[in-house]
Amino acid sequence: AGEAKAVISVFVAQTYGYLKVVATLTTEEIKTVALNEVGALIEKAIAFVPYEEVKTRLNSYLNEITEVINSAPTEEEAEELLTAVKTRAEEKITQIYLAKVEELRSAAEQKLNALKAQALEYVKDEQLKSDLDEYLSGAIAKTVKIEDIKTAESALDEIVADTQKFIKEQFAKQVEKLKTEAKNKLDTAFNSAVGKVESDDIKKRLTEAYDSAV
């Protein structure tokens, strides 16, 4: 009985040792799959973006998640991590992307607000002020809809450029409006003055002054 007990104990110990080795190998294999999966995902994410700081953030996250994967001590924990690692990585990549887009969007919004402040400083016409306010609100609303990190910067630059163009066009219209108002006043004054004189010489000089003013 004592001998049998000893043999069984050795067998159990050897079996436990064997199972432990197998479990360790299985866990390592699971870790490798997880590392390969998240590594490939982040590699694609890095190749997709043109911003070095975003690539740095993604590489930093890859290092973090690699440590997490490697630190899983049991097969069960490794399996649980494997089922979630891709989703976690996708969420983190999206988060990093959107953080950069928000950074670009904020910079564009600051430019738009600066353009608005600068433009309104020179405008007295209430209708033009209203038009500029409405356009700027629409331009800022457009920036909120931009989410694609690869095209965000060019899209935002285009919105700013379009806004600059709009402001210039509105200024040009306002100048033409002021010119027309001034011309109408000049015409009224000239016609009134000419109608009151009979001297051809004075009429000639009034006409020359009118032409010069025009």
Options Gly195, Leu81, Thr56, ranked by Cα towards positive dipole end of the chain, top entry (Cβ charges): Gly195
Proximal lysines to Lys203, defined as alpha-carbon separation beneath 28 angstrom and excluding residues fewer than eight positions away on the same chain: Lys179, Lys183, Lys185
With region 28-125 reduced to its Cα atoms and the Debye formula applied, log10 I(q)/I(0) at q = 0.11, 0.24 1/Å amounts to -0.46, -1.15
To the nearest µm²/s, what D does Stokes-Einstein give for region 95-214 at 4 °C and 1.567 mPa s, using the Kirkwood radius over alpha carbon pairs as Rh? 73 µm²/s
Surrounding net charge for Glu43, when Lys and Arg each add one and Asp and Glu each subtract one, Cβ distance under 15 Å: +3
Using a 10 angstrom Cβ neighbour count of at most 16 plus a DSSP loop assignment to flag exposed trypsin sites (Lys or Arg not before Pro), which longest range of the chain is free of such sites? 1-123
In degrees rounded to 10, the 0-90 angle between helix 75-121 Cα long axis and the longest Cα principal axis of the chain is 10 degrees
The chain: radius of gyration and largest Cα-Cα distance (Dmax), Å: 37.6, 148
Using Cα atoms only, what is the angle between the long axis of helix 200-213 and the major principal axis of the chain, expressed in degrees (0 to 90) to the nearest 10? 10 degrees
GluC sites (Glu not before Pro) within region 115-175, DSSP loop, no more than 14 other Cβ atoms inside 10 Å: Glu147
Helix-only CD estimate at 222 nm, as mean residue ellipticity for the chain, using -39500 (n - 2.57) per DSSP H run (n ≥ 4): -33000 deg cm²/dmol
Cβ-defined net charge surrounding Leu128, 13 Å radius [Lys, Arg +1; Asp, Glu -1]: -2
Angle between the Cα long axis of helix 149-195 and the longest principal axis of the chain, 0 to 90 degrees, nearest 10? 10 degrees
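Every number in this text was worked out from the coordinates using simple rules, so none of it is lab data. Not measured: the values here are computed from a predicted model. A quick note on method: Cβ atoms are made from the backbone with ideal geometry, for glycine too, and the neighbour counts reach across all protein chains shown.
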